[in-house]
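Below you'll find the structure, written out as structure tokens, and then a few comments.
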Amino acid sequence: MSDPTQFEFLKNIDCDIQFNAPIGNMTYFEIGGHADTLATPKSVAGLQELLRLCHKHDLPIHILGKGANLLVDDTGVDGVVISLLHDCFKTTAFDEQSGNHNLHCMAGADLSKTIMQTARDGMHGLESLAGIPATIGGGIRMNAGGKYGSISDNLTSVHCLSSKGELVVYNIDELEFSYRHSNIIEPLILSGTFALTSEDPEVVRERVKDIFAWKKSMQPLADTSAGCAFKNPVDENGQRISAGKLIDQSGLKGTSKGGASVSQQHANFITTSKGATAQDVISVMNTIEKKVFDYTGITLQREVVVWSRCEVSTT
Ligand SMILES: Cc1cc2nc3c(=O)[nH]c(=O)nc-3n(C[C@H](O)[C@H](O)[C@H](O)COP(=O)(O)OP(=O)(O)OC[C@H]3O[C@@H](n4cnc5c(N)ncnc54)[C@H](O)[C@@H]3O)c2cc1C
């Protein structure tokens, strides 16, 4: 772990600072090591100042959302992990302009709660994302989605902060979103705005229920995991093929190491049990990559983001 005294300059900003903070338990895997520094800003100004100081002192930063797509290595992560868990980053607000219903969401807002709120308010547009655990910021960064649509489908603008803490605003036509990817270069997504349309609340609620039921029937939602471990690769015709099917065909269902195993229900989910370590998960991912390549000639790309000391693998 780094020497905490080197982070003294962070103490006078509008931000809670914790040194040697256990963050593995802030992820869905519930495993992994500590962050040298965990910073929880209490205002946008505090967040901007935090970014400015990290940039000035050349400290690496890592943004933590809901931790639903994240594996923290057992040895932890260096630099500053920034959490947007303070209430000021969880707000959502509606406005109406020329008949459009705009929903402004701060990055720390919970996607599932936001979907339920829009369903109650009779607003259609986000329900295709039912059952995906995410913050709005993490969802936009990953372009979260699935069979029924992606978070970018109804997105109209995104506010970001640069590494120096400066506000950068994008209209949707300035951005490119593709499968589990966005081309946003700023390290931090501060908020997103969605254009929704009016709909009978009962219709929206039913759709949310149906999509969630479909997801529950296909995926091991009751187990600890970070969702799909690998992206669906593209075949020679440019079509996405299911990574889960490739893993299954390679005979890997049930493969395990320590407390991590390939789910029997959905082979692209690596689930963990009590006592699992991040190394167990990494080891299972390495086995999958090797065996799928040996069996199919296809190189799988990780969807799960792994944070390790001195290195962060992003998607
Ligand atoms: C049971 C289960 C089911 C899932 N099903 C799906 C699914 O159907 N479809 C799907 O797409 N995903 C799915 N996932 C994965 C996960 O829900 C998504 O990737 C989601 O977008 C992660 O959001 P998060 O807030 O948890 O981000 P985190 O996991 O905390 O972070 C993921 C990445 O986003 C970055 N990030 C987070 N917040 C911000 C921010 N404000 N600004 C900039 N970068 C940020 C992080 O640094 C990291 O690189 C599933 C996960 C689980 C556990």
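The values are calculated or read from the model by the stated rules, or taken from the named source; none is laboratory data. Here the structure is a predicted model, which is why all the values come from computation and not from measurement. Every residue, glycine among them, receives a Cβ derived from its backbone with ideal geometry; neighbour counts consider all protein chains shown. Areas reflect the complete protein model, heavy atoms only, side chains present, ligands, DNA and RNA absent. Shrake-Rupley method; radii C 1.70, N 1.55, O 1.52, S 1.80 Å.
Could you list, in sequence order, all residues of the stretch 104-116 that are more than 8 Å from the ligand (Cβ to nearest atom) and farther than 13 Å from F212 by Cα? Break it down stepwise before answering.
So the first thing to find is which residues in the stretch 104-116 are more than 8 Å from the ligand (Cβ to nearest atom), and the list is 104-106, 109-110, 112-116.
Those that are more than 8 Å from the ligand (Cβ to nearest atom) and farther than 13 Å from F212 by Cα: H104, C105, M106, A109, D110, K113, T114.
List every residue pair whose Cβ atoms lie under 9 Å apart, where the two residues are 6 or more positions apart in sequence or sit on different chains, the first residue falls within the stretch 1-18 and is modelled with pLDDT of 70 or more, and the second residue, located anywhere, is open to solvent by 50 Å² or more (accessible area, probe 1.4 Å) and among the aromatic types (F, W, Y).
Filtered contacts from the stretch 1-18: F7/F19.
For the stretch 261-291, which positions are over 22 Å from A222 (Cα atoms) and either in contact with a Pro (Cβ under 9 Å, 6 or more places away or on another chain) or of a type in the set (G, A, S) (or both)?
S283
Is it the case, given these coordinates, that I31 is in contact (Cβ under 8 Å) with a residue 60 or more places away in the chain and surrounded by 23 or more Cβ atoms within 10 Å (Cβ to Cβ)? Don't jump to the end; show me each part of the working.
Working: in contact (Cβ under 8 Å) with a residue 60 or more places away in the chain: yes; surrounded by 23 or more Cβ atoms within 10 Å (Cβ to Cβ): yes.
When the stated conditions are applied, I31 passes them.
Considering (1) in a loop (DSSP other than H, G, I, E, B); (2) more than 16 Å from the chain's Cα centre (by Cα), say which one G108 fails and leave the rest.
(2)
Tell me, yes or no, whether the stretch 154-161 has at least one residue that is outside the structural domain of T40 (by TED's automatic domain parsing) and near the ligand (Cβ under 9 Å from one of its atoms). Can you show your working first?
If we filter the stretch 154-161 for residues that are outside the structural domain of T40 (by TED's automatic domain parsing), which is where we start, we get 154-161.
Now drop any that are not near the ligand (Cβ under 9 Å from one of its atoms), which leaves 160-161.
Yes - at least one qualifying residue is present in the stretch 154-161.
Which members of the stretch 140-153 meet the condition of being open to solvent by less than 50 Å² (accessible area, probe 1.4 Å), near the ligand (Cβ under 8 Å from one of its atoms) and out of contact with any Gly (no Cβ under 7 Å at 6 or more places or on another chain)?
To start, the set of residues in the stretch 140-153 that are open to solvent by less than 50 Å² (accessible area, probe 1.4 Å) comprises 140, 142-146, 149-152.
In the following step, the residues that additionally are near the ligand (Cβ under 8 Å from one of its atoms) were identified as 140, 142-146, 150-151.
Across the stretch 140-153, the qualifying residues are M142, N143, A144, G145, G146, S150.
Looking only at the stretch 38-94, which residues are within 16 Å of V305 (Cα to Cα) and in contact with a His (Cβ under 8 Å, 6 or more places away or on another chain)?
Of everything in the stretch 38-94, those that are within 16 Å of V305 (Cα to Cα) and in contact with a His (Cβ under 8 Å, 6 or more places away or on another chain) turn out to be G76, V77, V81, I82.
Got a number for residues in the stretch 117-139 being open to solvent by 30 Å² or more (accessible area, probe 1.4 Å) and more than 16 Å from the ligand (Cβ to nearest atom)?
Number of matching residues: 4.
Could you list all residues from the stretch 111-135 that are among the aliphatic types (A, V, I, L, M) and part of a strand (DSSP E or B)? Spell out the reasoning first.
Within the stretch 111-135, the first condition is being among the aliphatic types (A, V, I, L, M), and the residues that meet it are 111, 115-116, 119, 123, 126, 129-130, 132, 134.
Correct list: M123 only.
Show me the strands (runs of 3 or more DSSP E) entirely contained within the stretch 165-272 in which 1 or more residues are more than 13 Å from the ligand (Cβ to nearest atom) and open to solvent by less than 20 Å² (accessible area, probe 1.4 Å).
Details: elements: 167-171, 188-198, 260-262, 270-272.
So the answer is 188-198, 260-262.
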